[in-house]
Amino acid sequence: MFWRMAGLSTASPVETILDRDNFTLDELLDEDEIIQECKALNSRLINFLSAKPQVEQLIRYIIEEAPEDAEKTRSFKFPFIACEIFTCEVDIILKTLIEDEELMNLLFSFLDLNHSHSNLLAGYFSKVVVCLLLRKTVPFMQYVQAHQEIVKKLVDLIGITSIMEVLIRLIGADEHMYVSHVNAMQWIEDTNVLEMIADKFSSSDSPEVHANAAETLCAITRFAPAGLSAKVCSPSFIGRLFRHALEVSRPKSVLVNSLSVCISLLDPKRHTFGAYYAYNRQMTNGSTVTANPETVEGMLESLGDLLKLLDVSSSENLLLTTFGKLQPPLGKHRLKIVEFISVLVTVGGEAAEKKLIDLGAVQIIIHLFFEYPYNNFLHHHVENIITSCLESKNSSLLEHLLHHCDFVGKIIQAEKQCTLEADTNKATIPAEGKSAPRIGCIGHLTRIANKLIQLGNNNAVIQEHLQGNSDWTDWYLGVLSNRNAVENVYQWACGRPTALHDRNRDSDEDDYQDQDYDVAALANNLSQAFRYGIYNNDDIEEVHGSLERDDEDVYFDDESAEVVISSLRLGDDHESGSLFTNSNWFAFEEDRDRVANERSTGSLASPSPNAEEGNVKASDDVAGEDEELADTATSSPEAGSKLEHGGTDKPVEWVEWRESSDANDPSDVLPNGEIGNNDPGATESPSPSSSVAETNDKQLATDLPSASLDNSTIVTSETTKTVSENPSSCAPTSVDGSVAEVGGNSNKDTTE
C-alpha cells in the first residue's frame, strides 16, 4: 500500500501471500496490488522478485507465447504484469537482468527469426528493452556491442512498429539525447545499419516495412548523432535510395517512402511540425532553411526520371467518381513527386532552380494543375511552387514562369472556361447526361492572382508583364476585384451589424477589451445597483432575502462584471428599456469619482456594521454607509427593523430605491419603469404626494437634524418609497449623494 496507519489499515494481500511457507510467482502475479507494492518498494516482495529464477520466469512470460489451451490469465495478465514489474524501474531487479548474460540472451531470443512475434509480446519486449536502455545505458550498450547481430535482427523485424522504436532508440535517433553516454554509443556509427535499412526497400514488398524504414531514416535525419547524419546525407546513400525507388518492378510504396526520406533531408522540420509548419512558412514569405548542396546535387541526378513518371498520357487506369471519371487517377506517387519538387524549389537554391528550368518541371506541374481540377492536395503543392518561383531572386525562373509557361494566360483561360470540358483526351472527364460541374481550382487561382498583384508592386518584371496583358487588366477590373470584395469577410455582417472598428476582432471575447471600461468600478456599480433595488423585481420576498445577504454574497467579482459587459455588447437593444441597456445605469460612476475625492481628504471614519444596536458611525468609506442605509431603508416589517431616535419606535415600510430624473414628467418613464430626464439643466422638484408622505418627510427631517434633503425627495406609499434623483445634474443628487448628505458631519454620530 502507499500508506500504512497503525490500527486502521488492513494487511495487504501481497503480504498475506508472502507470509505463507510455500507460495509461487503465479500467485503473486495474480494479485492486483503487486504493482503498487513494487512501486512502494516492499522489501520482502522486491527481494523475492529480484532472484534469478523469478526474473527468468518473468522474461519467459514476456517473450513466449502461451499454449493454445492456456487460461486468459496466463495469456494476457501474466505478460502484462511481468512487463510492468520491469518498467517500475526497481534498480535491483534491472541489475539482476543486465548483469546476467544468460538472462539477456533469453530476452533477446525474441528477435530470432524462428520465434513467433505477436504484436502484443513485441510491445512488452520493446518496453523492457527501452527501460534498460534508459536506466542502464552503459552496460546495455556494452552488451549490444558484444552481440552486434542484434542490430541486424532488429532491422529484419523493422516491419513491427514496436521493434522499429527499439531500433530508433538504439541508434540514438530519438528526441531523448544520451548526452552523458555519447562514447558508449559511438560504435553504432561504424556499423552499416543505414545500408541495411535502405536495402529493406528492395528486399521486401510489404508497405509496412517500407513505411517503418522511411520513418527510421527520417528520425536519423532529425535527431541522430553527427556521424550517422553525415552518412545519410551523402550522395552515395541518396543514390542508393533512388535506385530502389525507381525500379520498375518495385511497388509504388517504395517510391513514396523514399521521397519522404528525401523531403526530410531537404527540410527536417517539415516532417516534425507537419502542415502548420508549411503554412507558417508560406505566410512568412519563404523558408530560411538551406539544404546541403551535396544532398541537393545527389537528388538532382534522378530528377529527370521522376518527371517521366508524371506523364499520364500513357496510363490506362480508370477511376469512376461522382463528377465523372479520372483516366488515369493522379495517384499517391505522382502527388509525392510534386511535393518533393515543391520542397526542392523552396530550399534547393540556384542549382535546383536551373535544373527545374532545363527539364521543364514547372511547365509539367502546371499542366497537371489544370488536368486535375478537383485534387486540392495537388493544387496546394503547385501553389507553393508558383509562390516560390515568384519570390525567387533568380530572374530566369520568374521569366520562365511568366513567359515560357504563360501562367497568367492559363489563369485567364481557366476563368473564361470555368466548367469541366467533355474532352476524352483529358484526364478528368465529366459524367455523361449531367451538366458539366464548375472546376474546383478557382480558389487557388484567386490566391495566386492576388499574390501576383501583391508582388507586382515591388517587382518591375511582374508589374510590366501584368500591365502589358490587356486580358489580365479586363479580368482584374471585372472579375477579381468584385470577387475580392465579396470574399472580404471583414465586411460581412453576420448575425449583427459590424461597425468599422469591429472588423479586426477575432472573437466576441475581445469586445470589452478595447473599451474604456473600469472593470472594478463596474463591479462596484453592479453591487450597489442590486443592493438599492434598482431592478424591477416582482418577487419582493426574494429581494428581501437578497438584501439580507453579506457583502460577499452581493459583491460582483471581475469575472462577473466582464460577463455582464459582454452581454451589454452582444445584446445591445436600446429599445428594450432594460437596466443593462440603459445608458443611465452608469450613474454611479459620478458618485465613484466624488467618493474618491472625499476619501483623499481622510475626513470620514469607518462605520460599525451592527445595525441592531442602533449605533451607526460616520465612515470614510461611503460604500459601507450605503450598505447600512440600504439595510435600514429596505428591511421588511416582518424582519423587525425599526428606526429609533430619542426612545421613539417608528416602523418603516418597504422602500424601493429607484433611479429617476424627473418625477413630474410621466412621459419620460422608460419601458422598464425607470424615469428618464431629457433636460440636463433642469432642477429637481418634489412630486405630489399624500399627507402621509409630508408627515414622513417632516418626521425624517426631525429625526435626522444633520441631514439635508433639499436635493432629493422621499415619496412614501403604503408599499414603496422612491428616492428621486437627477444623475445628470451638477448637484450630487444620486443615491450615493443622498447617503453622503444624510451622513452629515463626520464628527457626529447618527442613530438608526
Relative compactness, segment 208-247, computed as alpha-carbon Rg over 2.2 N^0.38 Å: 1.20
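Provide 64, 339 ordered by accessible surface of protein heavy atoms (probe 1.4 Å), highest first. Intermediate results must be reported in sequence, preceding the final value.
Values: 64 65, 339 30 Å².
Largest to smallest exposure gives the sequence 64, 339.
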Once the convex hull of the C-alpha atoms of segment 292-496 is built, how many Å³ does it hold per residue, rounded to a whole number? 159 Å³
Working out 0.36 nm times the residue gap between residue 114 and residue 350, then minus their Cα-Cα distance, what length gain in nm do you get to one decimal? 79.7 nm
Nearest-10 value in Å² for the accessible area of residue 481, using the 1.4 Å probe: 40 Å²
Taking segment 337-396, which trypsin sites (Lys or Arg not before Pro) meet the DSSP loop condition and have no more than 14 other C-beta atoms within 10 Å? 393
Equivalent ellipsoid, segment 350-470 (semi-axes from 5 times Cα gyration tensor eigenvalues, Å): 27, 16, 12
Towards the positive end of the charge dipole of segment 292-496, with charges on Cβ (+1 Lys, Arg; -1 Asp, Glu), say which of 326, 298, 363 has the farthest Cα. 326
Enumerate by residue number the trypsin sites (Lys or Arg not before Pro) in segment 121-225 meeting two conditions: DSSP loop (anything except H, G, I, E, B), and at most 15 other Cβ atoms within 10 Å of the site's Cβ. none
Computed accessible area, residue 155, all protein chains, 1.4 angstrom probe, square angstrom: 0 Å²
In Å², what does the accessible area per residue of segment 197-271 work out to with a 1.4 Å probe? 35 Å²
Which one of 197, 214, 230 has its Cα pushed farthest toward the positive end of the charge dipole of segment 197-271, where Lys and Arg give +1 and Asp and Glu give -1 at the Cβ? 230
For segment 1-126, what is the charge dipole size about the Cα centre, in debye to the nearest 20, if Lys and Arg each add +1 at the Cβ and Asp and Glu each add -1 at the Cβ? 360 debye
Run the quick spin-label model on residue 65 and residue 35: label points 7 Å from Cα toward the beta carbon, then report their separation in nm to one decimal. 2.6 nm
Run the paramagnetic zone check for residue 183: 7 angstrom along Cα to Cβ, then residues of segment 116-153 with backbone nitrogen under 13 Å. 138
Based solely on C-alpha atoms, express the radius of gyration and the Dmax of segment 197-271 in angstrom. 11.5, 35
Figure the gain on full extension for residue 19 and residue 481 (residue separation times 0.36 nm, minus the Cα-Cα span) and round it to one decimal in nm. 157.6 nm
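Which sequence of 143, 490, 372 reflects their accessible areas, 1.4 Å probe, from the largest down? Kindly include the intermediate steps, with their values, before the conclusion.
Numbers: 143 25, 490 115, 372 5 Å².
The most accessible residue leads, giving 490, 143, 372.
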Give a residue-ordered list of calculated ³J(HN,Hα) values for segment 73-83 (Karplus: 6.51 cos²θ - 1.76 cosθ + 1.60, θ = phi - 60°; whole Hz; x for Gly, Pro). 4, 6, 7, 10, 6, 5, x, 5, 5, 4, 5
Rough spin-label spacing in nm, given labels placed 7 Å along Cα→Cβ, for residue 43 and residue 464: 9.0 nm
Would you kindly state how much longer the chain becomes between residue 419 and residue 138 on full extension, computed as 0.36 nm times their sequence separation minus their alpha carbon distance, in nm to one decimal? 94.5 nm
With +1 on the Cβ of every Lys and Arg and -1 on the Cβ of every Asp and Glu, the dipole magnitude of segment 197-271 about its Cα centre, in debye rounded to the nearest 20, is 200 debye
Based on alpha-carbon atoms only, what is the radius of gyration of segment 11-178 relative to the globular estimate 2.2 N^0.38 Å? 1.05
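The values are calculated or read from the model by the stated rules, or taken from the named source; none is laboratory data. Fair warning: this is a prediction, and the values are worked out from it, not measured in the lab. Every residue, glycine among them, receives a Cβ derived from its backbone with ideal geometry; neighbour counts consider all protein chains shown. Accessible surface is based on the protein model in full, side chains and every heavy atom, while ligands, DNA and RNA are left aside. Shrake-Rupley method; radii C 1.70, N 1.55, O 1.52, S 1.80 Å.
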